[in-house]
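J.: I have a structure here, written as structure tokens, and I will follow up with some questions on it.
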Amino acid sequence: MAPDTPPLFDNLQLLQILPDPLILTDSSSNIVWVNQKAEEIFGISCEEIKGWSFIEIIKINKIDKLLKEALETGEVSDSSYEAATIKVKSHEGKYFFKIVIRPMWNENSIQGALIQLTDVTRFKELEKLKTDFVSIVSHEIRTPLSSITMGVGMLKEGLLGQLTPRGKEMVDAIERDCERLSKLVENLLDLSRIEAGHISLETQWIEVEGLIDEAIRPMKMQAEENNVEIETIISSDLPRIEADFNKIVWVLANLVGNALRYSDSGDKVTVQSKVSGNRIFFSVEDRGCGIPEEYQETIFQKYVQVKGHKGPAGGAGLGLAICKEIVEAHGGQIWVESEEDKGSVFTFTLPLTLREENLED
Amino acid sequence: MEKKVLLVEDEKNIILGVRTCLEAVGYEVHVVEDGEAALRFVRNEKPHLILLDLILPKVDGFEVCYNLKNDEETRDIPVVVLTAKAAEEDRKRAMEQGADAYMTKPFRPQELWDEIKRYLPEGKESQEK
């Protein structure tokens, strides 16, 4: 039986003309009304489904979960883009929608919720196009890079005759730039894989100390050459954590590598780890030129480079974007605190929601 | 007798690089440029090691590998994949088809020598004996 339409939901005609699907529910998740676009997309009729529970009619668990949360908390659902995007197959084709759920209040009680689906299909298509493009280009760069790397290697080994000192200098320069290109391609590919949703975490229980050691070890020589000290401060009571060892090592190594690049001779880079609440914190601190305030938010986005930066050149602005993806895939967060000419502290957290001892119980 | 290495690759510059690199340390390098020719060559000539690209005309590298590793006469010949395909799923798939090693491009001559030496300890040395 159809419930009476609450007063707040009067005058719904205006919403009919909106191009996005809209669904109204009461406070028990029963459908009160849907607009024309929702009827088309889900193949339903407003009159026939009134009063039915949302999940019975539109069998999408992701929306149902967000709906229940919004009705319980009274707050607008505020999930990340990925968590709030759904794929819908209708007779008209395949759509991607971003879900926003707004609870509707009447004085002090929640009367229901408005489920708004924004069509992001075109955006998704472009995103896929870009990811595929990056993947193809990176792949196409690898092959020529391979013959150059081999050629340079053989020249250096003297397999093709002895080089003059100037020739050797030139070959060394080519080799360094080959490495730079390889690294760039590597990063582009990593990112395109992550964006394509191929970031698969292979988690295991790991010791934090071993993790930090593994990340720092390859950097030690570079640090010594540049006369920079790498200091580690690790609390003695750290629990083992469940994470993807290689990926978190990648994140830490990337942060330490950046810190070294922005350090001057005689500087110190500090790597710290501690537990607070139900999170473990990792931080990497340098005493370099710092990051201007306007970049501190955007620096984790792709291809962002700090303009007019005093530090060394190089890098395509991908490393931190990959760090962010990896940390967030673990359910953690990453941020930077920085002051110009004083240095930067990059910190990331990983949740300790699962404690090993609890699992073994 | 020199150790016979078959390179299955259709990129001219890679062929030049790998050939030069391996001949310099005493391997005998044979080249075929598609998967069908590779299967034929291996069955007739029984090389000591195969360097196999994955993206190949006619029959791709995965299939070449699968066929060789499922044939009693050829299954013991080490197959080292040399590819620009860096995705984990490609590596997994190649290993499932029986590849012995998986190297992604680009690589340095030293890395290639080291990998081959794991299966063919003698290159130049055998020639000198």
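J.: Based on the Cβ-Cβ distance from residue A:217 to residue B:16, what FRET efficiency comes out when R0 is 41 Å, to the nearest 0.05? All intermediate terms of the calculation are to be shown ahead of the outcome.
T.: Values: r = 36 Å, r/R0 = 0.89.
With a Förster radius of 41 Å, E is 0.65.
J.: Hey, another quick one. How large is the convex hull of the Cα atoms of the range A:71-165 per residue, expressed in Å³ as a whole number? Display every interim value, and only then the final one.
T.: On the way: hull volume 17.9 nm³, N = 95.
Roughly 189 Å³ of hull volume per residue.
J.: Between residue A:329 and residue A:166, what is the FRET efficiency for a Förster distance of 60 Å, r being their Cβ-Cβ separation, to the nearest 0.05? Please list the in-between numbers first.
T.: On the way: r = 48 Å, r/R0 = 0.80.
Efficiency computed from Cβ-Cβ geometry: 0.80.
J.: Relative to the Cα centre, what is the charge dipole magnitude of the range B:4-122, using +1 at the beta carbon of each Lys and Arg, -1 at the beta carbon of each Asp and Glu, and rounding to the nearest 20 debye?
T.: Numbers: 17 positive and 25 negative charges, 34 e Å.
That gives a dipole near 160 debye.
J.: How many Å² of accessible area per residue for the protein assembly as shown, probe 1.4 Å?
T.: Numbers: 26110 Å² over 490 residues.
Per residue, the protein assembly as shown has 53 Å² of solvent-accessible surface.
J.: Leaving out ligands, DNA and RNA, what percent of the accessible area of the protein assembly as shown is carbon and sulfur, probe 1.4 Å? Mind showing how you got there, number by number?
T.: Numbers: 12580 of 26110 Å².
Carbon with sulfur: 48 percent of the solvent-accessible area.
J.: Starting from 0.36 nm per residue, how many nanometres of slack lie between residue A:16 and residue A:341 once their C-alpha separation is accounted for? Display every interim value, and only then the final one.
T.: On the way: separation 325, 0.36 × 325 = 117.00 nm, distance 5.62 nm.
Contour length minus Cα-Cα distance gives 111.4 nm.
J.: Still on this structure, I have one more. Which value, in Å² and to the nearest 10, is the accessible area of residue A:37 when all protein chains are kept and the probe is 1.4 Å?
T.: We get 60 Å² for residue A:37.
J.: Roughly how large is the B-A contact in terms of buried accessible area, totalled over both chains, probe 1.4 Å, nearest 100 Å²? Don't jump to the answer; show the numbers that get you there.
T.: Values: alone 6960 and 20860 Å², together 26110 Å².
The buried area between B and A, both sides summed, comes to about 1700 Å².
J.: Helix A:245-261: angle to the longest alpha-carbon principal axis of chain A, degrees 0 to 90, nearest 10?
T.: Taking Cα atoms only, the helix is inclined about 60 degrees.
J.: Another question, then. For chain A, what is the calculated [θ] at 222 nm in deg cm²/dmol (nearest 500), taking -39500 (n - 2.57) for each run of four or more DSSP H residues and dividing by its residue count? Don't skip to the end; give the middle numbers.
T.: On the way: 12 runs with 146 residues, N = 361.
Value at 222 nm, helices only: -12500 deg cm²/dmol.
J.: For the range A:78-233, report the convex hull volume of the alpha-carbon atoms normalised per residue, in Å³, without decimals. Could the numbers behind the result be given before it?
T.: On the way: hull volume 40.4 nm³, N = 156.
Cα-based convex hull of the range A:78-233, divided per residue, equals 259 Å³.
J.: Testing the spin-label approximation: label points 7 Å from Cα along Cα→Cβ at residue B:118 and residue A:105. State their distance in nm.
T.: Going by the 7 Å Cα→Cβ label model, 6.4 nm.
J.: Of all the Cα-Cα pairs you can form in the range B:4-122, what percent are over 26 Å apart? Spell out each step's value before the answer.
T.: On the way: 609 of 7021 pairs.
I get 9 percent for the Cα pairs in the range B:4-122 exceeding 26 Å.
J.: Here's a follow-up. From the protein chains alone at 1.4 Å, what is the descending order of accessible area for B:76, B:53, largest first? Could you put the intermediate results ahead of the total?
T.: Values: B:76 130, B:53 10 Å².
Result of the area sort, largest leading: B:76, B:53.
J.: Expressed as an acute angle from 0 to 90° and rounded to the nearest 10, what is the orientation of the C-alpha long axis of helix A:319-329 relative to the principal long axis of chain A?
T.: Taking the Cα atoms of chain A, the angle to A:319-329 is about 40 degrees.
J.: With springs only between Cα atoms under 10 Å, which of A:106, A:258, A:187 fluctuates most in a Gaussian network model of chain A?
T.: Highest fluctuation among the options: A:106.
J.: What angle do you read, to the nearest 10 degrees and between 0 and 90, between the alpha-carbon axis of helix A:165-193 and the longest principal axis of chain A?
T.: 20 degrees
J.: How far is it, in nm, from the label point at residue A:203 to the one at residue B:70 when both lie 7 Å from their Cα along the line to the Cβ?
T.: 3.7 nm
J.: Still on this model: Please label the shape of the range B:12-57 as rounded, prolate or oblate, based on the square roots a ≥ b ≥ c of the eigenvalues of the alpha-carbon gyration tensor (a/c under 1.5 means rounded; beyond that, a/b larger than b/c means prolate, else oblate).
T.: On the way: a/c = 2.55, a/b = 1.26, b/c = 2.02.
Verdict is oblate for the range B:12-57.
J.: A further question follows. Can you give the accessible area of residue B:71, probe radius 1.4 Å, in Å² rounded to 10?
T.: Surface open to solvent at residue B:71 totals about 40 Å².
J.: What is the spin-label model distance, in nm, from residue B:30 to residue A:224 if the labels are put 7 Å beyond Cα along the C-beta direction?
T.: About 4.8 nm, to one decimal.
J.: May I ask for the percentage of alpha-carbon pairs in the protein assembly as shown that lie more than 31 Å from each other? Intermediate values should be presented prior to the final figure.
T.: Details: 73543 of 119805 pairs.
Counting every Cα pair in the protein assembly as shown, those more than 31 Å apart make up 61 percent.
The values are calculated or read from the model by the stated rules, or taken from the named source; none is laboratory data. Predicted model, so just to flag it, every value in this text is computed and none were measured. Positions of Cβ are generated from backbone atoms using ideal geometry, with glycine treated the same way; all protein chains shown enter the neighbour counts. Ligands, DNA and RNA are excluded from the accessible area calculation, which covers all protein heavy atoms including side chains. Shrake-Rupley method; radii C 1.70, N 1.55, O 1.52, S 1.80 Å.
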